[in-house]
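**Student:** Got a structure here, written out as structure tokens. Questions coming.
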Amino acid sequence: MMNRPFNLIIAGGKTGGHLFPGIAIANALERIEPNIGILFVGTDAPFETQTLKKYNYAHKSIFSKPIKGGNLFSKAFSVSIILISLLQSMLIMKNFKPDFVLGVGGFSSFAVVLAAWVLRIPTGIQEQNAFPGLTNRMLSKFAKTIFTSFKETRGLTNSPKANFVGNPVRTTNSKGLDETLAIKNFDPDKFTILVTGGSQGANSINTSFLDALSLMDNTNRFNIIHQTGIEDEALIQKKYSDLKINATANAFFDNMPQLEGMADLAITRAGAGIISEICLNGLPAILVPFPYAADDHQTFNAKALENQGAVVMIKDKELTGQTLKQIIQNLTTNKDRLEQMATALKGLAMPDADKKIATFILNSKDIKA
């Protein structure tokens, strides 16, 4: 045990792809050092604040907006925002006195990690994707260490700061969560399909999957679990009703790791978080990268798995009900292919990423920034 509590700030969030790895690391730290003090610093986005409240983690928000170029006024406004958020971050650190600051991505992490660097507090960043986002590309010049999720991470692979540890993922026993599961008419003998567009949902996946089902004659052989996103929830539920298909379709599931363990096939975007989770579960997947992701990083993520024979990738612009129907039918009738995909995914899994990062952080007390 330490002589005094170790304090950690985890900076960034807003989306599940950034937030859930931070939560996984926080969980791992508490398992190792129960008296640790953890504070999340990020935005006031409802998803971020509500999710952290469910997990019982303290949170403070700073004024932060994406950095944009354009005309002189836009650039000046961006600089002023950075200065404000930098001062807010320094004030938070003065009060909380962190021993380490970890950035998990998202524009709100920039000022927090930069403030820690200015104050000579040890820092690290955790990059979930094969193609780093703009924030982490900038912070890589300041951070003391970089935790990467992919062995080949563009621009960071040969960096002496880089530590290839994998991507921390959520667990089913995270504190503060209701682990009960209510799936309509779930039959363990049926083939289970999990559909998710991430924490925000994905309209193209939602629509194409329902179109695919409408073209099938034997949909009663499936258990269907569908995370729709809040905007599509009512519409998708109505479509299932119209098709007379018993499916569990909700805007969001808190127990996604448990659902992944129940599924035989996932249809999903290609965010780093879900990729890490399907690898750990050996869950065959059809990946549809989000076409507007920064630097098209989801395509890089998906290709890294497709090259290993672990997934099937469909470009969003090529996604139709007919295409999806054909791929689903090919996979669900080819047990050997599914087993090969599952084996390939498990071979890529790194189940102890959260513990590795947590151990590094706790051992950093005497590291100079």
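**Student:** In contact with a Leu (Cβ under 9 Å, 6 or more places away or on another chain), buried (at least 19 other Cβ atoms within 10 Å of the Cβ), polar (S, T, N, Q) and at pLDDT 95 or above: which single residue out of Ser199, Ser208, Ser214 fits that description?
**Tutor:** Working: Ser199 fails: at pLDDT 95 or above; Ser214 fails: buried (at least 19 other Cβ atoms within 10 Å of the Cβ).
None of the other options fit; the residue is Ser208.
**Student:** Identify the residue in the range 21-62 that is in contact (Cβ under 8 Å) with a residue 12 or more places away in the chain, under 19 Å from Arg170 (Cα atoms) and of a type in the set (S, T, N, Q) and, among all such residues, is surrounded by the fewest Cβ atoms within 10 Å (Cβ to Cβ).
**Tutor:** Taking the candidates together, the pick is Asn56.
**Student:** Cβ contacts < 8 Å: first residue within 19 Å of Ile23 (Cα to Cα), restricted to the range 267-291; second residue β-branched (Val, Ile, Thr) and at pLDDT 90 or above, any location; separation 6+ or different chain. Result?
**Tutor:** Ile274/Thr196; Ile274/Thr268; Ile278/Thr268; Ile278/Val311
**Student:** Scanning the range 171-196 for residues that are modelled with pLDDT under 85 and aliphatic (A, V, I, L, M), which turns out nearest to the chain's Cα centre (by Cα)?
**Tutor:** My answer is Leu177.
**Student:** When the residues of the range 328-358 are filtered to those that are among the β-branched types (Val, Ile, Thr) and surrounded by fewer than 16 Cβ atoms within 10 Å (Cβ to Cβ), which remaining residue is farthest from the chain's Cα centre (by Cα)?
**Tutor:** Going residue by residue through the range 328-358, those that are among the β-branched types (Val, Ile, Thr) are 328, 332-333, 343, 357.
Now restrict to residues that are surrounded by fewer than 16 Cβ atoms within 10 Å (Cβ to Cβ): 333, 343.
Values: Thr333: 30, Thr343: 22 Å.
Only one residue fits best here, namely Thr333.
**Student:** Conditions first: (1) closer than 30 Å to Arg31 by Cα; (2) surrounded by 15 or more Cβ atoms within 10 Å (Cβ to Cβ); (3) not hydrophobic (A, V, I, L, M, F, W, C). Gln298 passes all but one, so which condition is the exception?
**Tutor:** Every condition holds for Gln298 apart from (1).
**Student:** On to the next question. Got a sec? Which of Val165, Val118, Val104 is surrounded by fewer than 24 Cβ atoms within 10 Å (Cβ to Cβ) and in contact with a helix residue (DSSP H, G or I) (Cβ under 6 Å, 6 or more places away or on another chain)?
**Tutor:** Being surrounded by fewer than 24 Cβ atoms within 10 Å (Cβ to Cβ) and in contact with a helix residue (DSSP H, G or I) (Cβ under 6 Å, 6 or more places away or on another chain) holds for just one of Val165, Val118, Val104, which is Val165.
**Student:** May I ask you to list the residues in the range 301-327 that are surrounded by fewer than 19 Cβ atoms within 10 Å (Cβ to Cβ) and assigned to a helix (DSSP H, G or I)?
**Tutor:** Lys303, Glu306, Asp316, Lys317, Glu318, Gly321, Gln322, Thr323, Lys325, Gln326, Ile327
For every residue, the table says whether it meets (1) in contact with a Ser or Thr (Cβ under 7 Å, 6 or more places away or on another chain); (2) within 25 Å of Ser214 (Cβ to Cβ); (3) in a helix (DSSP H, G or I).
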{"site": "Gly229", "(1), (2), (3)": "no, yes, no"}
{"site": "Ala234", "(1), (2), (3)": "no, yes, yes"}
{"site": "Asp254", "(1), (2), (3)": "no, no, no"}
{"site": "Pro257", "(1), (2), (3)": "yes, no, yes"}
{"site": "Gly261", "(1), (2), (3)": "no, no, yes"}
{"site": "Ile267", "(1), (2), (3)": "no, yes, no"}
{"site": "Glu277", "(1), (2), (3)": "no, no, yes"}
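**Student:** Which condition breaks for Gly282 when tested against (1) on the phi > 0 side of the Ramachandran plot; (2) buried (at least 23 other Cβ atoms within 10 Å of the Cβ)?
**Tutor:** Just one mismatch for Gly282, condition (2).
**Student:** Is there any pair linking a residue in the range 209-224 that is on the phi < 0 side of the Ramachandran plot and among the charged types (D, E, K, R) to one that is crowded, with 21+ Cβ neighbours inside 10 Å and modelled with pLDDT of 95 or more, with Cβ under 8 Å and at least six apart or on different chains, and which?
**Tutor:** Asp211/Leu324
**Student:** Let me ask something else. Going by the conditions given, is Ile357 modelled with pLDDT of 90 or more and closer than 21 Å to Leu19 by Cα? Don't jump to the end; show me each part of the working.
**Tutor:** On the way: modelled with pLDDT of 90 or more: yes; closer than 21 Å to Leu19 by Cα: yes.
Yes: the conditions hold for Ile357.
**Student:** For the structure I just gave you, tell me whether Ile286 is part of a helix (DSSP H, G or I) and in contact with a helix residue (DSSP H, G or I) (Cβ under 9 Å, 6 or more places away or on another chain).
**Tutor:** Details: part of a helix (DSSP H, G or I): no; in contact with a helix residue (DSSP H, G or I) (Cβ under 9 Å, 6 or more places away or on another chain): yes.
Considered against the rule, which asks whether it is part of a helix (DSSP H, G or I) and in contact with a helix residue (DSSP H, G or I) (Cβ under 9 Å, 6 or more places away or on another chain), Ile286 comes out as no.
The values are calculated or read from the model by the stated rules, or taken from the named source; none is laboratory data. Everything numeric in this text was worked out from a predicted model, so none of it was measured. Virtual Cβ from ideal backbone geometry, glycine too; neighbours counted across all protein chains shown.
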